[in-house]
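So the structure is just underneath, and the comments pick up after that.
Throughout, read-outs are computed from the coordinates displayed, never taken from laboratory work. For clarity, every value in this text was computed on a predicted model and none was experimentally measured. Cβ sites come from the backbone with ideal geometry, for glycine too, and all protein chains shown count toward neighbours.
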């Protein structure tokens, strides 16, 4: 076998040579504006990375399972497939769904509930489920940790489960309650201490939850989700060690839940950075065991990204988000149902959600390779950048006295809402695309009655009500409201559908074939977003023919589609012939815009338009 290096005949190319070629191709254009992408957190992502970029990355060379666990705390990449079932009302039904899921590939069960569970409820939920063979997770009232821990331990003994093998979690997370409801129950940290003490016999139980997903689903960025989740986790460590618990006993009970967003590589890097920073935080408390800094991570695909219109696109979103989580090496993963925004679970939607990640295991073999992103110049550099930015924000929170103090002061809300507003602005102007909602809508789609009911405005006062759970919680700050980025566009389209009429946008195409077709396609997509009927046309022989066809069609909106050169004469002629029988819109931002405005032409749409506000204005003009 030859030891000759591949491509040895090609001389190495220096970074300076690459940059010189790029500068030549840019022909004087701004390098940063053209080629450097900035994330929502302001992290600069370069167009390419090289081995030299790893010199500033401090965590390279770390082995899998070694401190600071950036490459994972396990020597394998097997993750648990979770599915969550609603146990709020019908415990027997939730049990039946769980048993069915276990037969179909689920190995981590979630039960969501309100308030507390008594012994009879617990037995109903867990009937036929072997606690030492499958992970069981309870998501519910933050006050139930100690009581539920005791009941779970008693049930495990009663069912003869091997206690050392019982892997479970109880999502007792008062800081999540603070985040999403603005309330912090009195004695919450004392109850967490009691929960940890009650778990002495269940060594694999995690009963202190930390929800980064709550930040994500309120419109927060990846860095904010990571930084604020770490701050929550640190608050638990500080409060509970102050109560007399050892840091080792606290840290091994903590379980983080992160959402996985749409930015594929960014989300991989976020999870890797999370392990790195949590290990750093725990080590500052001087634990007796270095493994106490191993972060336990449950990931869930993004609810913020999901849409009610063209809902099957949610399947694609969930698949790529699940891939990010799997590559990053999470411990368990839940892919949300594609129809979660607007209806209860069905056998079909549960099955597709399960199979999305089972396919990643059984067919794509994502579980066969540990940390496949390791060594990637791009992902390693991105991991380092996210870790640095999250650490800066984390330290800001700590300087303000920790998560609770920062939340009460409004700092957390201010940061997240600023990011949410930026997201909303980007969606309104289509700098961020939600396929099927603010771009390329399915024009023939009509929402079902259950979807309409789900999207109807809710009674905010009722929605904000806090369920009773012992002590009356005290108001500790204005809550962060979870929402979906698509909601405003869904409301826009639903408003049209509920009006009982469907305004018609007629594409009056004339002149240059290339320009009129391009602008007609843009304009048709623009008005379809609001649920308007779009009548497209290949190209009319002239303005006269086009106006006659528009009048015959009884169009509400007539969109002039041609080249800038032909607008100067063509648009005024169209306006005169329409005579105010329809709203005249010019597609594009032509050089003759001021001239046209001087002749009374006031409606223009282009890629610079705020699509949401523009369509709202047209609805108003049309009496919708």
Quiz item: If you stretched the chain out fully between residue 606 and residue 319, how much longer would it get, using 0.36 nm times the residue separation minus the C-alpha to C-alpha distance?
Solution: 100.1 nm
Exercise. Give the calculated FRET efficiency between residue 310 and residue 425 to the nearest 0.05, with a Förster radius of 22 Å applied to their Cβ-Cβ distance.
Key: 0.50
Self-check item: Span from the segment 33-48 Cα centroid across to the segment 259-288 one, whole angstrom
Solution: 21
Exercise. Among DSSP beta bridges lying fully in the chain, give the percent that are antiparallel, nearest 5.
Key: 10
Quiz item: What is the Cα centroid distance between segment 318-382 and segment 119-174, reported in whole angstrom?
Solution: 26
Quiz prompt | Residues listed by number, segment 509-552, amide nitrogen under 19 Å from residue 446 label point at 7 Å toward C-beta | solution = 528-535
Quiz item: How high is the FRET efficiency from residue 367 to residue 120, r the C-beta distance, R0 60 Å, rounded to 0.05?
Solution: 0.95
Practice problem: Before anything else, pin down the relative contact order of the chain: Cα pairs under 8 Å, at least 6 apart, normalised by residue count, whole percent. | Solution: 14
Quiz prompt | Ranked by how many other beta carbons lie within 10 Å on average, peptides 364-376, 72-84 from highest | solution = 72-84, 364-376
Quiz item: If we sort 25-32, 338-345, 42-49, 6-13 on the protection proxy, mean other Cβ atoms within 10 Å, highest first, what's the order?
Solution: 338-345, 42-49, 25-32, 6-13
Quiz item: Using a basic spin-label model with each label point 7 Å from the Cα along Cα→Cβ, how many nm lie between residue 344 and residue 622?
Solution: 3.6
Quiz item: What would the Debye formula give as log10 I(q)/I(0) at q = 0.05, 0.06, 0.12 Å⁻¹ for the alpha-carbon point model of the chain, no solvent?
Solution: -0.28, -0.40, -1.23
Self-check item: Separation in nanometres of the label points that stand 7 Å from Cα toward Cβ, at residue 453 and residue 17
Solution: 6.8
Self-check item: Value of relative contact order over segment 112-241, rounded to a whole percent, pairs C-alpha under 8 Å and six or more apart
Solution: 25
Quiz item: In nm, what is the difference between 0.36 nm times the number of residues separating residue 538 and residue 288 and their Cα-Cα distance?
Solution: 82.5 nm
Practice problem: Taking 7 Å along the Cα-to-C-beta vector as the label spot, tell me the residue 243-residue 599 distance in nanometres, rounded to one decimal. | Solution: 7.5
Exercise. Take the Cα pairs of segment 80-420, get the Kirkwood Rh, then feed it into Stokes-Einstein at 4 °C and 1.567 mPa s and tell me D in µm²/s.
Key: 64
Quiz item: Fully extended, how many nm does the chain gain between residue 66 and residue 613 (0.36 nm per residue separation, minus their Cα-Cα distance)?
Solution: 191.7 nm
Self-check item: Backbone N under 12 Å from the residue 164 label point (7 Å along Cα→Cβ), restricted to segment 198-234
Solution: 203-204
